[in-house]
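The values are calculated or read from the model by the stated rules, or taken from the named source; none is laboratory data. What you are looking at is a predicted structure, and each value in this text was computed from that prediction instead of being measured. All Cβ positions, even for glycine, are placed from backbone atoms using ideal geometry, and neighbour counts span all protein chains on display.
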Amino acid sequence: RKEVEQDPGPFNVPEGATVAFNCTYSNSASQSFFWYRQDCRKEPKLLMSVYSSGNEDGRFTAQLNRASQYISLLIRDSKLSDSATYLCVVNDGRYNKLIFGAGTRLAVHP
Amino acid sequence: NAGVTQTPKFQVLKTGQSMTLQCAQDMNHNSMYWYRQDPGMGLRLIYYSASEGTTDKGEVPNGYNVSRLNKREFSLRLESAAPSQTSVYFCASSEPGLAGFIGELFFGEGSRLTVL
């Protein structure tokens, strides 16, 4: 079983749609959780950290379920510019090692 | 702001050749990392350096060596390149986040390496 698993997609959605990505992780000792965004042939960039209470940043909402070892990312009112690969990232319980999921690709069309 | 700078951006090697990927950051971060990214796989950690003067192996260190030259620079060396090392390599740096756990990673633009 992979340490961090994501549905690879692609998710093809029209502009304005709401789309949700899920991610599961295997290490119950993980303490920090993130969503990164990676545009085609570019470097990953932090989209948002994920906190236990859940957090929202504009159209983006992230949630964490520690009991089920599950993280989600919800994007509302999708824009063409949201087209990218979304990477679920979890630490392995140690301070300086992050485990990256393979990513979920999103394509937003007019 | 430069952030994290990697060179070269592209390189083609023949099997058995050696090369060094250079990385420098101007954010005064203590921690630096080298990752590789292959199609269908997440980024995998090759080596990291928690602070100047220290380096540690990550998930996939075989075939690589690193040097933390100073606080700014962290280089990755392939001593004898193999086709399995064809990949996109990313350097990153960070400072601790909440409760001392790893914080935001800042990545370089990547180095695309092909080994024939």
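Summary table below
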| quantity | calculated |
| --- | --- |
| Residue that is under 25 Å from B:Arg44 (Cα atoms), surrounded by 14 or more Cβ atoms within 10 Å (Cβ to Cβ), under 14 Å from the mean Cα position of the chain (by Cα) and among the charged types (D, E, K, R), where the choices are A:Asp39, A:Asp82 | A:Asp82 |
| Region A:9-19, residues that are surrounded by 14 or more Cβ atoms within 10 Å (Cβ to Cβ) and either of a type in the set (Gly, Ala, Ser) or farther than 21 Å from A:Ser68 by Cβ (or both) | A:Gly9, A:Phe11, A:Val13, A:Ala17 |
| All positions within region B:1-24 that are of a type outside the set (A, V, I, L, M, F, W, C), within 13 Å of chain A (Cβ to nearest Cβ) and out of contact with any Phe, Trp or Tyr (no Cβ under 6 Å at 6 or more places or on another chain) | B:Thr5, B:Gln6, B:Lys9 |
| Residue within region B:31-41 that is surrounded by 14 or more Cβ atoms within 10 Å (Cβ to Cβ) and free of Cβ contacts under 8 Å to residues at least 24 places away in the same chain present | yes |
| Extreme residue, surrounded by the fewest Cβ atoms within 10 Å (Cβ to Cβ), among residues of region A:53-79 that are within 13 Å of the chain's Cα centre (by Cα) and aliphatic (A, V, I, L, M) | A:Leu74 |
| In region A:21-36, residue modelled with the lowest pLDDT [restricted to those that are outside any strand (DSSP E or B) and buried (at least 16 other Cβ atoms within 10 Å of the Cβ)] | A:Gln31 |
| Listing of strands (runs of 3 or more DSSP E) fully contained in region B:64-116 that carry 3 or more residues being at the interface with another protein chain (Cβ under 9 Å from one of its Cβ atoms) and in contact (Cβ under 8 Å) with a residue 12 or more places away in the chain | B:87-94 |
| Residue in region A:57-65 that is part of a loop (DSSP other than H, G, I, E, B), closer than 18 Å to A:Ala107 by Cα and either touching a helix residue (DSSP H, G or I) at 6+ places or on another chain (Cβ under 6 Å) or modelled with pLDDT of 95 or more (or both) present | yes |
| Answer residue from region A:1-20, given it is assigned to a strand (DSSP E or B) and more than 14 Å from chain B (Cβ to nearest Cβ) and is farthest from the chain's Cα centre (by Cα) among those | A:Pro14 |
| Candidate set: region B:25-57, residues that are within 10 Å of the chain's Cα centre (by Cα) and either more than 24 Å from A:Val89 (Cβ to Cβ) or of a type in the set (A, V, I, L, M, F, W, C) (or both); chosen: the one nearest to the other protein chains (Cβ to nearest Cβ) | B:Leu45 |
| Failed condition for B:Leu45, given (1) surrounded by 14 or more Cβ atoms within 10 Å (Cβ to Cβ); (2) in a loop (DSSP other than H, G, I, E, B) | (2) |
